[in-house]
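Notes follow once the structure below has been shown.
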Amino acid sequence: MKLNKLILGLAFGTFAMAANAGTVVSGSGLQNGLDSITNGGSFLDVNADQHLPDEIWSLDGSFLGANRLLFELAGFATTNTFGIYDLGNTSNRLELFDGSASAGSAIVLARTGLTSFNIFGASSATEVTFNSVNFGFYIDSSAGAGGGVFFSRSSDNAGVGDAAHNNTTDHMIAFAGDGSLALAPLPYCPLCFGSFGAGEYILAFEDTAFPGSDYDYSDMVVLVESIAPVPEPGILVLLGMGLLGFGVRRRKLKLTA
C-alpha cells in the first residue's frame, strides 16, 4: 500500500509541480488592462491564476478558432505581429494580426487540411503546412529595438530572464475561462459583456528580450476560442509511468494473493 501511494504521489506530484510553475508578472499593466474589460472590474489574479499547460495548442473539432485582440500596452504596438508557428520549424509561421491591428480586431484561424492552416476566407496563397496538427503562438516584435520573435513554447526562446523572475524563458502566459466572469472585448462598446467561458483563453505576451525586459506581459493580449492547450508530452509520460507502475504493483499483489 505504501508503494502504491508513493508511485501515485510521484506521478501526480510531478503534474502538480508543472501546473503550479507560474511566470512572475511585474507591474500593474496587465492586471489593470484585464480588470478594465471585466464586468465588475476584477479579473483573475495575473500571477496566481495562470493556466497551464499553455505552450502547445490545437484547434477543436470545428477546425475553426476565433482570435480577438483585446489590447496592446507596448511601444512596439504598431509593428508587433501575432500568429501561429510550426513546432517542428519555428520559421514556418502563419501571421494572424499585423502591426495595423488594434483593440477589437478579430480573425478566424482555419485548419484546411491534414496539417495545413490558413486564415478563414483567405486566398490559398497564404496557407501553411506544419509538421503536426498542433502549433504554438508567437509574437514578432523584431521591428523594434530590443524586440525579437518569441514563442509560446518556452524552450523555443533564446533569452533567459533574471533571478527575480525565476530565470524564465516564458514570453507568453494564459488564462482560462470557466463562465464565472464576463468580458467586454469591444473597445467601442464597453458595456457589451459576454461570458468568458470554457474553451476560451486569454494569451498575454512579453515582447522584449530577456533579461532586459520589463516582464509586464501586457504587450499583446489576445482572446482565443475553440483553440485548446495540449498537455506537454513529458508530463504525460511521467504521469503514464506512474500509473503503469501502479498497475504493475496491483497485478503482482493479485498474483501473490
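5 Å is the cut-off here: which amide hydrogens, built 1.01 Å from N in the peptide plane, fall below it relative to Asn92, excluding neighbours closer than 5 in sequence?
So Asn92 has HN proximity to Asp86.
Rounded to a whole number of µm²/s, how large is the Stokes-Einstein D of the range 26-230 at 10 °C and 1.306 mPa s, given Rh as the Kirkwood radius over C-alpha pairs?
93
I need the shape label for the range 132-177. Rule: rounded when a/c is under 1.5, else prolate if a/b > b/c, else oblate, with a, b, c from the alpha carbon gyration tensor.
oblate
Karplus couplings for the range 214-223 from phi (6.51 cos²θ - 1.76 cosθ + 1.60, θ = phi - 60°), rounded to Hz, Gly and Pro as x?
In residue order, the calculated couplings are 8, 6, 8, 6, 10, 6, 8, 10, 10, 9 Hz.
List Phe137, Phe130 from most exposed to least, where exposure is judged by having the fewest other Cβ atoms within 10 Å.
The fewest-first ordering by Cβ neighbours comes to Phe130, Phe137.
The range 80-143: percent of C-alpha pairs farther apart than 19 Å?
When every Cα pair of the range 80-143 is considered, 29 percent fall beyond 19 Å.
Please list 3J(HN,Hα) in residue order for the range 75-86, calculated via the Karplus relation 6.51 cos²θ - 1.76 cosθ + 1.60 where θ = phi - 60°; whole Hz, with x for glycine and proline.
My calculation for the range 75-86 gives x, 9, 3, 7, 10, 4, 10, 9, x, 10, 9, 7 Hz in order.
Sequence gap at least 6, Cα distance under 8 Å: using those rules, report the relative contact order of the range 26-230 to the nearest whole percent.
28
Would you please give the residues with an amide H less than 5 Å from that of Leu70, counting only those at least 5 places away or on a separate chain, with H modeled from the backbone geometry?
Close amide H contacts, sequence-distant or interchain: Gly104, Val221, Val222, Leu223.
Quick check of the Kirkwood formula: for the range 48-127, what is the inverse mean of 1/r over all pairs of different Cα atoms, in Å?
14.1
I need the phi-derived Karplus couplings for the range 149-161: 6.51 cos²θ - 1.76 cosθ + 1.60, θ = phi - 60°, integer Hz, Gly and Pro marked x.
10, 10, 10, 5, 7, 4, 5, 8, 9, 8, x, 10, x
Any read-out appearing in this document is the output of simple, stated calculations on the displayed coordinates, not a laboratory observation. Since the structure is predicted, the reported quantities are computational estimates derived from the model, not experimental observations. Cβ atoms come from the backbone with ideal geometry, glycine included; neighbour counts cover every protein chain shown.
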